[in-house]
1. Using a basic spin-label model with each label point 7 Å from the Cα along Cα→Cβ, how many nm lie between L175 and R151?
2. How much net charge surrounds A102 when only the other residues with a Cβ under 14 Å from the Cβ of A102 are counted, with Lys and Arg +1 and Asp and Glu -1?
3. If R₀ is 35 angstrom, what is the calculated FRET efficiency for the pair E249 and R206, using the beta carbon separation as r and rounding to 0.05?
4. Need one number: nm distance between label points at M1 and I17, each 7 Å from Cα along Cα→Cβ, rounded to one decimal.
5. With r defined as the distance between the Cβ atoms of L10 and N90 and R0 fixed at 51 Å, what FRET efficiency is calculated, to the nearest 0.05?
6. Take the cross-link list K229/K251; K221/K251; K61/K251 and give me the ones stretching past 28 Å between alpha-carbons.
7. Note down the nm distance, to one decimal, between modelled labels 7 Å out along Cα→Cβ at D28 and at E297.
8. For an R0 of 51 angstrom, estimate the FRET efficiency from the Cβ-Cβ distance between C65 and V132 and round to the nearest 0.05.
Amino acid sequence: MRPESEWIVLEKPELRIIDDALWRRVRDRIAWVNEKFNHGNQPGMMNRATTSPNLLTGFLKCGVCGHNLIIVAGRGKHGHPRYGCPMHVNRDVCSNALRERADFLEQRLFAQLQDAVLKPEAIDRAIQEFEVQLQNSFDGLDNRIGRMRQRSEELQKEIGNLAATAAQCGPTPALVKEINSRQQELEGITRQLLSTEPDSISAEIRRIRQFVTGQLCDIRKLLHTDVLKAKLELEKHVKEIRMVPQPDEKKGYYVAEGEWNLLGGYGAGANLADPHIGLVAGVRSGTKILTLPFRLELVSAA
């Protein structure tokens, strides 16, 4: 094999059997499936909760025994699927006999989440505190920033010396490689330095606010077009929803309890080298601030 520097590469786009757009879509889809559905020794296999046509399957937990609520009735063509506790229906070892329509739970839960979790004042308070944490994290980076600036100056001098040598002796492959290597390192340091400026923090907070306010609406839209993708988006924000049955004069109702991660999935699909993504990911303690508890009474109108 000849070294790569001696290779001769010829582009022949006219010989392609598919276009670039389709090729990228296929590769992106393969990568997405491998990431989302790789379960150890069974890559690509999905569990029953994931493949269920009901959005909340796998998220709802019985508030009495802790098992997953499942569709226990109404599976027929003209029926209304209803969630219930399988430990009561199948084994009679749980006292939770409450059954509730899936469409009602989805509609009422998301409507109340929109009102309870995404209140402007709650978001403002959480993001303001997060901004303080973010700023404090940068205040402790003085030494690191100083080292980065020193290294930046060294790289600029080295690049200048190498460029001068190339001008005198000619741009040999070795010289070009060394210049490119230093240039890439310099660009990376420059991005990191820019991301620690006050303006970049403000811009990051604006992006977070837009993401937080739009995400629940996006999940509700996905529900009508792609339940699988809606489940994957929902999974980024909430791990489980505890459904506590409440007796009343009629059949009773559920109280839904859980925590909504406002920052769930932020930056997904973006370039991980983007300094703005690292800017958030580097503040481990601050992400907890953007998790808001919720308690919703899902009382049926019927």
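None of the figures in this text is laboratory data; all of them are computed from the coordinates on show. The model shown is predicted, which means the values in this text are computed figures rather than measured ones. Note that we place each Cβ from the backbone using ideal geometry, even for glycine, and neighbour counts take in every protein chain shown.
1. Once both label points are built, they end up 2.7 nm from each other.
2. So the environment of A102 carries a net charge of +3.
3. Values: r = 49 Å, r/R0 = 1.40.
Computed FRET efficiency for E249 and R206: 0.10.
4. 2.5
5. The formula returns an efficiency of 0.20 here.
6. Listed pairs above 28 Å: K229/K251; K221/K251.
7. Modelled inter-label distance: 4.5 nm.
8. Details: r = 41 Å, r/R0 = 0.81.
With a Förster radius of 51 Å, E is 0.80.
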